[in-house]
Amino acid sequence: MAGNEDMIKAWPLPVTDAPEDAEFYAAARRGELVMQACAECGQLRFPPRPMCPACRSLQRQWRQLAGCGRIWSFTVPHPPLLPAFNDFAPYPVIVVELDDAPHIRLVGNLVTDASAAINSVDPKSIRIGEPVRAVFVPMTDDATLIRWVRCAEGEA
């Protein structure tokens, strides 16, 4: 990330210490994908929130997921909505349906590898249903973003 400090400062980064989702971001810093689950009924939920939408319990826990999924949808911003992304347009933004929690979908960038720019994949090459896995990209000391890479043959 050296040389990207000015660009990174301009990027919209998440608040990582809110009570409902601090563990999500702490896990991302460790290179893990976790989801909040109801401690009563077991329902996984995203985004994290204080109450279970299924049984209304206020008890919660965190479960580690495999971090694999399939491309459910995607878009290519032309031009980007925020100035911080101007130098990267066009770039793919994908919606991933998680293998171990199909009702949960996460949004992120498809990249060639964790160190690649968000425009490293040709949007014309993206296919719905394509298997992907999470990679973790530290942006600051406390903000790590989840991006996605294609699974190698036989990896999915």
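The values are calculated or read from the model by the stated rules, or taken from the named source; none is laboratory data. What you are looking at is a predicted structure, and each value in this text was computed from that prediction instead of being measured. As a convention, Cβ positions derive from the backbone with ideal geometry for all residues, glycine included, and neighbour counts pool all protein chains shown.
Screening Ala116 with (1) surrounded by 19 or more Cβ atoms within 10 Å (Cβ to Cβ); (2) modelled with pLDDT of 95 or more; (3) not in a strand (DSSP E or B); (4) not charged (D, E, K, R) gives one miss only, at (1). Looking across segment 70-102, the residues that are over 24 Å from Gly31 (Cβ atoms) and either among the polar types (S, T, N, Q) or part of a loop (DSSP other than H, G, I, E, B) (or both) come down to Ser73, Thr75, Val76, Pro77, His78, Pro79, Pro80, Leu81, Leu82, Asn86, Ala89, Pro90.
Quick one: which of Gln64, Gln36 is surrounded by 17 or more Cβ atoms within 10 Å (Cβ to Cβ) and within 22 Å of Trp148 (Cα to Cα)?
On inspection, the qualifying residue turns out to be Gln36.
Of the residues screened, Met35 is not one that is part of a loop (DSSP other than H, G, I, E, B) and outside the structural domain of Val121 (by TED's automatic domain parsing).
Within segment 11-19, is there a residue that is more than 24 Å from Ala114 (Cβ to Cβ) and not aromatic (Phe, Trp, Tyr)?
Keep residues of segment 11-19 that are more than 24 Å from Ala114 (Cβ to Cβ), which gives 18-19.
Subset that is not aromatic (Phe, Trp, Tyr): 18-19.
Scanning segment 11-19 turns up at least one residue that is more than 24 Å from Ala114 (Cβ to Cβ) and not aromatic (Phe, Trp, Tyr).
In segment 114-129, the residues that are in contact (Cβ under 8 Å) with a residue 40 or more places away in the chain form Cβ pairs under 8 Å with partners that are in a loop (DSSP other than H, G, I, E, B) and surrounded by 10 or more Cβ atoms within 10 Å (Cβ to Cβ), at six or more places apart or across chains, as follows: Pro123/Val76; Pro123/Pro90; Pro123/Tyr91; Pro123/Pro92; Ile126/Pro92. Hey, does segment 131-142 have a residue that's part of a loop (DSSP other than H, G, I, E, B) and crowded, with 17+ Cβ neighbours inside 10 Å? No; the residues of segment 131-142 include none that is part of a loop (DSSP other than H, G, I, E, B) and crowded, with 17+ Cβ neighbours inside 10 Å. Being in contact with a strand residue (DSSP E or B) (Cβ under 8 Å, 6 or more places away or on another chain), without any contact (Cβ under 8 Å) to a residue 40 or more places away in the chain, part of a loop (DSSP other than H, G, I, E, B) and of a type in the set (Asp, Glu): is that true of Glu40 here? Considered against the rule, which asks whether it is in contact with a strand residue (DSSP E or B) (Cβ under 8 Å, 6 or more places away or on another chain), without any contact (Cβ under 8 Å) to a residue 40 or more places away in the chain, part of a loop (DSSP other than H, G, I, E, B) and of a type in the set (Asp, Glu), Glu40 comes out as no.
Using the structure shown, decide if Thr75 is in contact with a Ser or Thr (Cβ under 6 Å, 6 or more places away or on another chain) and under 27 Å from Arg127 (Cβ atoms). When the stated conditions are applied, Thr75 does not pass them. Between Pro12, Pro48, the distinction of being part of a loop (DSSP other than H, G, I, E, B), out of contact with any Leu (no Cβ under 7 Å at 6 or more places or on another chain) and not hydroxyl-bearing (Ser, Thr, Tyr) belongs to Pro48 only.
Checking each residue in segment 67-87 for being without any contact (Cβ under 8 Å) to a residue 40 or more places away in the chain and either surrounded by fewer than 12 Cβ atoms within 10 Å (Cβ to Cβ) or in contact with a strand residue (DSSP E or B) (Cβ under 9 Å, 6 or more places away or on another chain) (or both) picks out Thr75, Pro77, His78, Pro79, Leu81, Asn86.
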